[in-house]
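Report on the structure given below.
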Amino acid sequence: MTEATVRSEVGSPAPMTQAVQAARRRAKMRHTLRRASVYAVAIAIALWILVPIWLIFTMAFSTPQDVRSFPKPFYPSPFSTDTIEFFLNTEGVLRSTLNSFIVAIIALLLSTAIAMPAGYAIARFVFRGRDTIRLGILSVRAFPVVVLAVPLAVVFIRLGMFDQTYSLALMHTALTLPTTILVIASVFMGLPYEFEEAAQVFGCTRLQAFWRVVLPLAVPGIAAAAVLTFVLSWNEVFAAILLTITNRTLPAQILYNLDKSGDPYKFAGGFFMLVPSLIFIFFIRRYLFSMWGQLNK
Amino acid sequence: MAEIIVEHAVKKFGKFVAIDDVSLTVDDKEFVVLLGPSGCGKTTLLRAIAGLGMVNEGRVLIGGRDVTYLQPKERNVSMVFQNYAIFPHMTVFDNIAFGLKMRKTPRDVLQERVETAARLLHIEDMLDRRPGTMSGGQRQRIAVARAIAYDAQALLMDEPLSNLDALLRLEMRAELKALLGRLGATTIYVTHDQIEALSMGDRIAVMRKGQIVQVDTPTRVYDLPVDHFVGSFIGNPPMNFMRASVQKHDGALQARVGDLYITPPDYMLAALRPYEGKDIYIGIRAENTEVLSQPGAGALPVTVEVVEPLGAMNLLTILIEDNVLKVSTHPDFPVVAGGQVWLLFPEAKIRWMDRDTGRAITPELEQVVA
Ligand SMILES: Nc1ncnc2c1ncn2[C@@H]1O[C@H](COP(=O)(O)OP(=O)(O)OP(=O)(O)O)[C@@H](O)[C@H]1O
Ligand SMILES: [Mg+2]
């Protein structure tokens, strides 16, 4: 309500205007306070995440001497790649990085290939037990791998699949699949079914409609889901330690050597664990936001 | 050749019956308009014909072929979707060309057809753009262009002009009608726009609650509604209905409205006889009521409640007992709100309706029953 209308409605204009102004000041104050508290929380969360990352970066690009010293520097001075080089030259690091890469790529491909039709089915078809399956997928997500550790190792040994890169990739596929399916399903749910129907009317079979209309529209979301799979696999350490001995992935390798090595190794290792995830998440953050928006629906 | 026949179609969503035993025949090259209130099942019927959402019962035939169990692709129909459903990841050109590409149409033919369709809908400047940022009206025109370019046996259009401004709609209506006439496509056209329905349709099918109530030429639907619903749904303003009681007066069967006695025409007498002593509805169109500025023989004096100048005519609102009446006059007719006029109801223009069933009381029907 503007002051003019208030004044025209009320007989004595002056005190009313003051009251209105006071009320407006209070509202403004409340608004400012609310914003300030939101910002404070956001800044706290950001610092909570950013400070360790910054520390890792600083250490990774400081000289090994600086890394070992105390108190530690807060920025790299002098800037040096010695620590990184030292880490890379450590026995097993390059091989385990390569292993990590192979495992993550296989997991990404398999997981996406399975999750695409599964997610599509959940998004589009009303079939008996659909909700049960959805719930089942979610609950698998909540199931701790630790419980499965011993039986899994036994099964893998029996099948002769123990200590193989591909068997770890299979394991990671299984671990990431629930997340991937749910994310991809939500991508498909976000696309109006009418697009497919229109494609069908204009001469497509169901499959053609999927290829020509649904898939191009879903590709960004699917790519985001695939990258998520990659990051999950890249960072996964429990199954990696459990299932491999000689073919270790990077996190397994680092964890294995953790107590035997000094700070430069740890920080450089941390850096290598962090960077791929950060790069990927940087590229897909737009899609992640929109997907979570849909998941919340 | 490509007539569309729907036979006793039933479509249910769970327990809800969206299409309730609908039968409709659209002749080859005919233009049928589907008209009905929101939620009466127009879209559902179009979709059933297109093969999107199969009917639970009944059959659909297109061009003499039973397509009830065929995929949309195999039915050779084209459709304008109510929500457009144009593909956001393709340019306007590719959208319009989509169906033709699927059919592997030669490049030059395709180019030509797309351009013709785009020109007709005034979107030829946008062919290279993507529809993402376009307005509703622009998207709708792309959807219409896509449907026209496809050149199918049957064209199903679900409110194709609903989102255009009045002027563009007026122009598009005429051009679309001319083009469809040239193409000779069998068309079912859903609209909410009365004028569109009356001016474009070879026939109008009026739907209500999942059923087709009347299929007739626009003039017959307008003039001879089969029931109270059609009369009060078609036309702007809708048909006036007044409660009347049928009784003997001066030795003849007459319908009394207020203080006015209306003598039914001779051909109605037999049909009205069973209603003696009962109430019926009499319906009359606004423009069929004669309005006099002076007393005349058999004219009913009434007070004018509201005068609405509409440009080409003035619309008067009049109360006769508890019946609200809309009548139209020439814009020069001298009357103001609160003034008095005299009304004449030409008997031949009166439609007689059963009050309980709402159905028209017609001489033919009564004779068939008798
Ligand atoms: N997929 C569906 N599931 C359940 N009910 C549906 C479905 N589609 C339509 N209906 C119902 O069927 C009825 C008819 O819907 P329809 O879309 O055919 O109406 P309409 O005549 O096209 O209305 P409008 O003029 O508003 O477009 C509505 O009551 C609607 O709620
Ligand atoms: Mg509709």
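The values are calculated or read from the model by the stated rules, or taken from the named source; none is laboratory data. If you're wondering where the values come from, they're calculated on a predicted model, not measured in any experiment. Glycine also receives a Cβ, built like all others from the backbone with ideal geometry; neighbour counts cover every protein chain displayed. Keep in mind that these areas ignore ligands, DNA and RNA; they rest on the heavy atoms of the full protein, side chains included. Shrake-Rupley method; radii C 1.70, N 1.55, O 1.52, S 1.80 Å.
Kindly provide the set of residues from the stretch B:208-230 that are more than 14 Å from the chain's Cα centre (by Cα) and buried (at least 18 other Cβ atoms within 10 Å of the Cβ), ordered by number.
Result: B:210, B:227, B:228.
Can you confirm whether the stretch B:278-287 contains a residue that is at pLDDT 90 or above and more than 31 Å from the chain's Cα centre (by Cα)?
yes
Looking for whichever is closer than 24 Å to residue B:99 by Cα, within 14 Å of chain A (Cβ to nearest Cβ) and within 16 Å of ligand 2 (Cβ to nearest atom) here; the options are B:161, B:156. Which one fits?
B:156
Residue by residue through the stretch B:66-90, note down the ones that are outside any loop (DSSP other than H, G, I, E, B), open to solvent by 10 Å² or more (accessible area, probe 1.4 Å) and facing another protein chain (nearest Cβ under 8 Å).
Correct list: B:73 only.
Which one of the conditions (1) assigned to a helix (DSSP H, G or I); (2) in contact with a Lys or Arg (Cβ under 9 Å, 6 or more places away or on another chain) does residue B:269 fail to meet, given that it meets all the rest?
All conditions pass for residue B:269, except number (2).
If I filter the stretch B:241-257 for residues that are more than 16 Å from ligand 2 (Cβ to nearest atom), in contact with a Pro (Cβ under 7 Å, 6 or more places away or on another chain) and more than 30 Å from residue B:310 (Cβ to Cβ), do I get at least one hit?
yes
Report yes if residue B:62 is more than 16 Å from ligand 2 (Cβ to nearest atom), within 14 Å of another protein chain (Cβ to nearest Cβ) and of a type in the set (A, V, I, L, M, F, W, C), otherwise no.
For residue B:62, the condition - more than 16 Å from ligand 2 (Cβ to nearest atom), within 14 Å of another protein chain (Cβ to nearest Cβ) and of a type in the set (A, V, I, L, M, F, W, C) - is met.
Quick one: would you say residue B:33 is within 16 Å of ligand 2 (Cβ to nearest atom), away from chain A (no Cβ under 14 Å) and modelled with pLDDT of 95 or more?
Judged against the criteria, residue B:33 is a match.
Filter the stretch B:36-59 for residues that are open to solvent by 30 Å² or more (accessible area, probe 1.4 Å), touching a helix residue (DSSP H, G or I) at 6+ places or on another chain (Cβ under 9 Å) and within 16 Å of ligand 2 (Cβ to nearest atom) and give the result.
B:37, B:47, B:53
Condition (residue is within 14 Å of another protein chain (Cβ to nearest Cβ) and open to solvent by 30 Å² or more (accessible area, probe 1.4 Å)) applied to the stretch B:18-26: is it met by at least one residue?
Checked against the condition, which is being within 14 Å of another protein chain (Cβ to nearest Cβ) and open to solvent by 30 Å² or more (accessible area, probe 1.4 Å), the stretch B:18-26 yields no hits at all.
Of all residues in the stretch A:186-240, how many are in a helix (DSSP H, G or I), of a type outside the set (A, V, I, L, M, F, W, C), under 26 Å from the mean Cα position of the chain (by Cα) and within 14 Å of chain B (Cβ to nearest Cβ)?
Count: 3.
In the stretch A:200-254, what residues are among the β-branched types (Val, Ile, Thr) and under 30 Å from residue B:152 (Cα atoms)?
Residues satisfying the conditions are A:201, A:205, A:213, A:214.
Here is a list: B:147, B:117, B:143. Which entry is buried (at least 17 other Cβ atoms within 10 Å of the Cβ) and within 16 Å of ligand 1 (Cβ to nearest atom)?
B:143
Sort out which residues of the stretch A:35-49 are open to solvent by 100 Å² or more (accessible area, probe 1.4 Å) and either of a type outside the set (Ser, Thr, Tyr) or touching a residue at least 24 places away in the same chain (Cβ under 8 Å) (or both), and write them in order of number.
Correct list: A:35, A:48.
Quick check: is even one residue across the stretch B:231-249 open to solvent by 70 Å² or more (accessible area, probe 1.4 Å) and over 31 Å from the mean Cα position of the chain (by Cα)?
Among the residues of the stretch B:231-249, at least one is open to solvent by 70 Å² or more (accessible area, probe 1.4 Å) and over 31 Å from the mean Cα position of the chain (by Cα), which makes the answer yes.
If I go through the stretch B:150-169 residue by residue, how many of them are open to solvent by less than 20 Å² (accessible area, probe 1.4 Å), more than 16 Å from ligand 1 (Cβ to nearest atom) and under 30 Å from residue B:65 (Cα atoms)?
Number satisfying all stated conditions: 4.
Of everything in the stretch B:91-114 that's away from chain A (no Cβ under 14 Å) and charged (D, E, K, R), which residue is surrounded by the fewest Cβ atoms within 10 Å (Cβ to Cβ)?
B:108
Kindly check whether there is at least one residue in the stretch A:242-260 that is free of Cβ contacts under 8 Å to residues at least 24 places away in the same chain and within 26 Å of residue A:134 (Cβ to Cβ).
Checked against the condition, which is being free of Cβ contacts under 8 Å to residues at least 24 places away in the same chain and within 26 Å of residue A:134 (Cβ to Cβ), the stretch A:242-260 yields no hits at all.
Looking at the stretch B:124-140 only, could you name the residues that are more than 16 Å from ligand 1 (Cβ to nearest atom) and either within 19 Å of residue B:191 (Cβ to Cβ) or crowded, with 23+ Cβ neighbours inside 10 Å (or both)?
Of everything in the stretch B:124-140, those that are more than 16 Å from ligand 1 (Cβ to nearest atom) and either within 19 Å of residue B:191 (Cβ to Cβ) or crowded, with 23+ Cβ neighbours inside 10 Å (or both) turn out to be B:137, B:139.
Taking the residues in the stretch B:1-53 that are free of Cβ contacts under 8 Å to residues at least 40 places away in the same chain, more than 8 Å from ligand 1 (Cβ to nearest atom) and in a loop (DSSP other than H, G, I, E, B) as candidates, determine which candidate is farthest from residue B:180 (Cα to Cα).
In this case the residue turns out to be B:15.
Could we say that residue B:151 is at positive phi, away from ligand 2 (no atom under 16 Å from the Cβ) and not hydroxyl-bearing (Ser, Thr, Tyr) here?
Considered against the rule, which asks whether it is at positive phi, away from ligand 2 (no atom under 16 Å from the Cβ) and not hydroxyl-bearing (Ser, Thr, Tyr), residue B:151 comes out as yes.
Which number in (1) in contact with a strand residue (DSSP E or B) (Cβ under 8 Å, 6 or more places away or on another chain); (2) within 13 Å of ligand 1 (Cβ to nearest atom) marks the one condition that residue B:208 misses?
Status for residue B:208: all satisfied but (1).
Here's the yes/no breakdown for (1) part of a helix (DSSP H, G or I); (2) within 30 Å of the chain's Cα centre (by Cα):
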| residue | (1), (2) |
| --- | --- |
| A:23 | yes, no |
| A:71 | no, no |
| A:78 | no, no |
| A:88 | yes, yes |
| A:103 | yes, yes |
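Residues of the stretch B:3-19 being out of contact with any Leu (no Cβ under 9 Å at 6 or more places or on another chain) and either outside the structural domain of residue B:191 (by TED's automatic domain parsing) or within 16 Å of ligand 2 (Cβ to nearest atom) (or both), which ones?
B:13, B:16
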